[in-house]
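The values are calculated or read from the model by the stated rules, or taken from the named source; none is laboratory data. Keep in mind that what you see is a predicted model, and the values were worked out from it rather than measured. So basically every Cβ, Gly included, is an ideal-geometry build from the backbone, and we count neighbours across all protein chains shown.
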Amino acid sequence: MPNNKTLAFYAGSGCGGCSQSLMLSPSLATMLDGADIAFWATRSGDLTEDEISQVDDKGIDVLMFAGPVDGEASVATAKLLRRKAKRVVAYGACAHLGGLCGLTNVIPGAKLRELAEKNGGFIRPLSAVIDVDYVLPGCPPPQGMVERMLKELFLSDDVPDVGTVFASSKGVCGECDRKHLNSPLEEIRRFHAAPPDPDICLLDQGYICLGPVTRGGCGAVCPEANRPCTGCAGPVAGVLDQGGAILQSLASLVPLSGDVSGEKEHRVLDSIQDIVGTAYKYSAASSLLKRRVNDGE
Amino acid sequence: MASNLICLLPHLDRVELVNGDELVASVSVPQARDAFSSYMRGRLAEDAPLYVQRIDAHCAVSQHLAAVRALDACYNARPPKGAIAIRRALAYAGVYYHHLEQLFFSRPSGNGGIAGLVRTDDELAAHDVLQALRRARDVVDILGGRGLTPERGIPGGVSVGIADEQLSLARDIASDLLRVALRSEEGFRARGARWVEKQDLSVPAYSLATVNDDGEASLYDGTLRIVDPKGVEVAAGDASEILPMMMKWKEDVPLRVGPLARLNATSGASTQRARELQKHLFDALGASPIHRVAAGNWAMIIELVEAAELLSSALAELAAGDSALNASLDEAGEGVAAIEGARGTLIHRYLLDADGIVQEAQIVSPDSLMEADVNAALSSLITGRGREVTDDTIERIVSLIGSYQPAYLPSAPFSLRIVGRDKDGRVSQEWRRP
Amino acid sequence: MSDNKSFEPKIIAFLCKWTTYAAADLCGVSRMPYPSNISIIKVNCTGEVTADMILTAFEKGADGILIGGCRPGHCRYEGGNLKGANRVYLLKRALKEFGVNPERIREVGIAGAQGLIFQRAAEKFTADIRALGPSPVMSNA
């Protein structure tokens, strides 16, 4: 069924995983059947400002934007692209949340901050600089979610409501087959010596898994591969700060010792290592705090 | 050039052509070593294989496995056979996928590109190739556990085994992949081989590749071997021995990695069909060492066959439901390891503290090695051919960069920009291909 | 650097209605003024205070956050206050990573009848935040 829409794909920077996820989608051919492609850029160098300007304002029905907004140039491009499109999809974790790149907002370190300053700023989610109509989460978006997006945007007569996220609004736990034991969190475990029991909830075993605070729709592939969810699809509906949410959940799972000093609890909580890498792996740039600041240090 | 900060491998999308006293073409590949180490400092060791594969998703599998093997070294861990078998199969699936993606989707279209040369009219439609790419990705998914970005690798082993049905499916797909690879190579030999023979640009270089115990090419792990431009071995050892040599490498003597280097630094492919096909190449271009830059394309197509053969035999060795997949870990420390990825030898080094937190991280990637090689080639191409920039000059540059494709052009399809500057450095012209 | 003398900190206080909120209320009734810098949000229990609430307060311009609940052992929800305390403990670690001084969050346990103690705690916290200066979080673009 030809869809007669004009579409465009733009990935200014990033690792290329999102472009591949789209290219590899089995529905790609059907989507492209009859569609007009304004442009398909997988590098910022593929497309000049002039070329974008030549497109009519609102001339693109759906623009898919992947990759992080990582400096003044990309902010300008994002704003220009916004004018040219009726609807914009934040495609993938970098566009949605800032992605892994966002950790550079937080990490102290002379060389890295130097690079950030050179690029004119820091990593921001796309929604911080333009209005975003839809979100396709994931790093990269898993095939099921890509298919769903293609179906709803290009292969259907209806137009999805603004604000649609092509994933579940509920947590990954809903799709995970592991048994819940509701064990208290008495000891944090890492992937040393032996991997987890594949049948029991990772949190029950003391492994930090972001399933409870992360949007599902991926089929819980990571827990299925006996790895924890690392949060790539961003926070569940209603949560603003994904890192804060998992830290809050972990803290709530630590059993209360009855000791007023809280020493036992603190010991468990202190044993959580790499707080930002663990809690904010993909979402540091979209945290309510956004980036590292200088507070009298 | 915008770049995300984890995307720290050098990206080439432009050539500078300066028309001063003479015409000079060069690429400048930004190196961001310190930034990568800054990024990784403080991260959990077992997360490294997840981070590094998003540096450039076009070699995600190679990066993942290089990190995992380096972590084995950090922990003095010796993964059990079952784990190695899974990782090995994943590596071959990765080489196949990454090669196929580069061959057909990541070339500038000038001169028809390699894709044009490979596709004979009805034999191999774009649809077929895309389908093969999807299926290759499916094998990576089965073996790696998470689409194109694997996560099965953990220090000392893999996180979980492969289910029976999944393994059967992977085996079926692998035979399809071999068929596509053979047809691609046939198509290339019918048209592309002659094109290669007509390309006379030759850049002598040292070659680095990984070999197995028989000196044949390994597309995963083994001994790192460096030969001089005449093919004489100058070094052989493991990553920790070779890494310091590479770090001290002099710029004016290029060190090459990748398919062309593998022709020169090894005694050939380790699989039957690939060896037969390599005979055609050697018959046409002469015995190794071969420094004709365009030959890398031909070598790459044959490697597609090689990877498919290796994948099939690796899958045959896998046992479904294997549960002995992890080794015990010693105290954490420093580790270096290499794997032979699609683009060439990839080395990772990590220094962990006693808690398994990364203190230092280093990646020496094929891309970072190739800058000298490419510049030497560009220099040979341009120098002494006068100062006029003709269409022919531009096309030759595009072709040349295309031959280095595996190292340099990660996205599909993309534009190569050639920026012309006058002797005062001002941009006077710009060419884009396509 | 800002002139701390003219800086009036904005403080958000999440106060448990059974204890510290009642103490603050008592201040009002007893004409024991506490600094007007403090805006109070009444919660059922400090265990109800989420990371989103604390971080949103910072994002909207709070220079300091006061969390007032039951003393340990006194929570009518059996340890809600302690869970809340554990959360704040972990959140402070995250704040440190983002460069925010964790002293900008203070936890107090004040019984409902201890109006004077609340007044003093409120004055002290306001003075301490004034000394720290404006929170750099709000100026994030």
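Annotations
- Boolean, B:LEU65 is within 14 Å of chain A (Cβ to nearest Cβ), part of a helix (DSSP H, G or I), crowded, with 22+ Cβ neighbours inside 10 Å and aliphatic (A, V, I, L, M): no
- Residue list for region C:20-37, filter: of a type in the set (S, T, N, Q) and over 26 Å from C:GLY61 (Cα atoms): C:SER30
- Residue match in region A:2-17 (condition: in contact with a Phe, Trp or Tyr (Cβ under 7 Å, 6 or more places away or on another chain), in a loop (DSSP other than H, G, I, E, B), away from chain B (no Cβ under 14 Å) and touching a residue at least 12 places away in the same chain (Cβ under 8 Å)): yes
- Residue list for region A:186-213, restricted to those being outside any loop (DSSP other than H, G, I, E, B) and away from chain B (no Cβ under 14 Å): A:GLY211, A:PRO212, A:VAL213
- Filtering region A:35-59 to residues that are at pLDDT 85 or above, crowded, with 17+ Cβ neighbours inside 10 Å and in a loop (DSSP other than H, G, I, E, B) leaves only A:VAL55.
- Test for A:ALA73: is it surrounded by fewer than 24 Cβ atoms within 10 Å (Cβ to Cβ), in a helix (DSSP H, G or I) and within 14 Å of chain B (Cβ to nearest Cβ): yes
- Residue match in region C:84-94 (condition: of a type in the set (Ser, Thr, Tyr) and at the interface with chain A (Cβ under 8 Å from one of its Cβ atoms)): yes
- Selection from region B:133-147 of residues that are touching a residue at least 60 places away in the same chain (Cβ under 8 Å) and farther than 18 Å from B:LEU304 by Cβ: B:GLY144
- If you go through region A:78-92 and keep only what is closer than 13 Å to A:MET64 by Cα and either hydrophobic (A, V, I, L, M, F, W, C) or buried (at least 24 other Cβ atoms within 10 Å of the Cβ) (or both), you end up with A:ALA78, A:LEU81, A:ALA85, A:VAL88, A:VAL89, A:ALA90, A:TYR91, A:GLY92.
- Among the conditions (1) in a helix (DSSP H, G or I); (2) under 20 Å from the mean Cα position of the chain (by Cα); (3) within 14 Å of chain A (Cβ to nearest Cβ), the only one that B:LEU178 does not satisfy is (3).
- Leading residue by the ranking (nearest to A:SER168 (Cα to Cα)) among those in region A:214-259 that are of a type in the set (S, T, N, Q) and touching a strand residue (DSSP E or B) at 6+ places or on another chain (Cβ under 7 Å): A:THR214
- There is no residue in region A:61-68 that is more than 14 Å from A:VAL89 (Cα to Cα), more than 8 Å from chain B (Cβ to nearest Cβ), touching a helix residue (DSSP H, G or I) at 6+ places or on another chain (Cβ under 9 Å) and small (Gly, Ala, Ser).
- Given (1) aliphatic (A, V, I, L, M); (2) surrounded by 21 or more Cβ atoms within 10 Å (Cβ to Cβ); (3) closer than 22 Å to B:ASN375 by Cα, index of the condition B:VAL253 fails: (2)
- Look at (1) surrounded by fewer than 20 Cβ atoms within 10 Å (Cβ to Cβ); (2) within 11 Å of chain B (Cβ to nearest Cβ); (3) modelled with pLDDT under 85; (4) within 29 Å of B:ASP128 (Cβ to Cβ) and you find that A:PRO26 fails only one, number (3).
- Looking across region A:18-34, the residues that are touching a residue at least 40 places away in the same chain (Cβ under 8 Å) and either among the charged types (D, E, K, R) or not in a loop (DSSP other than H, G, I, E, B) (or both) come down to A:CYS18, A:SER19, A:GLN20, A:SER21, A:LEU22, A:LEU28, A:THR30, A:MET31.
- Of all residues in region A:240-297 being among the charged types (D, E, K, R), buried (at least 17 other Cβ atoms within 10 Å of the Cβ) and facing chain C (nearest Cβ under 7 Å), the one that is nearest to the chain's Cα centre (by Cα): A:ASP241
- Test: B:ALA354 is free of Cβ contacts under 8 Å to residues at least 40 places away in the same chain, more than 14 Å from chain A (Cβ to nearest Cβ) and of a type outside the set (Lys, Arg): no
- Of all residues in region B:319-336, at least one satisfies being in a strand (DSSP E or B), under 30 Å from B:ARG171 (Cα atoms) and of a type outside the set (Ser, Thr, Tyr).
- Residue in region A:169-182 that is among the acidic types (Asp, Glu) and modelled with pLDDT of 95 or more present: yes
- Odd one out for A:VAL62, checked against (1) surrounded by fewer than 19 Cβ atoms within 10 Å (Cβ to Cβ); (2) part of a strand (DSSP E or B): (1)
- Flag for B:ALA209 being within 22 Å of B:ALA70 (Cα to Cα) and surrounded by fewer than 20 Cβ atoms within 10 Å (Cβ to Cβ): no
- Search result, residues across region B:264-294 that are among the basic types (Lys, Arg) and more than 20 Å from B:ALA314 (Cβ to Cβ): B:LYS279, B:ARG292
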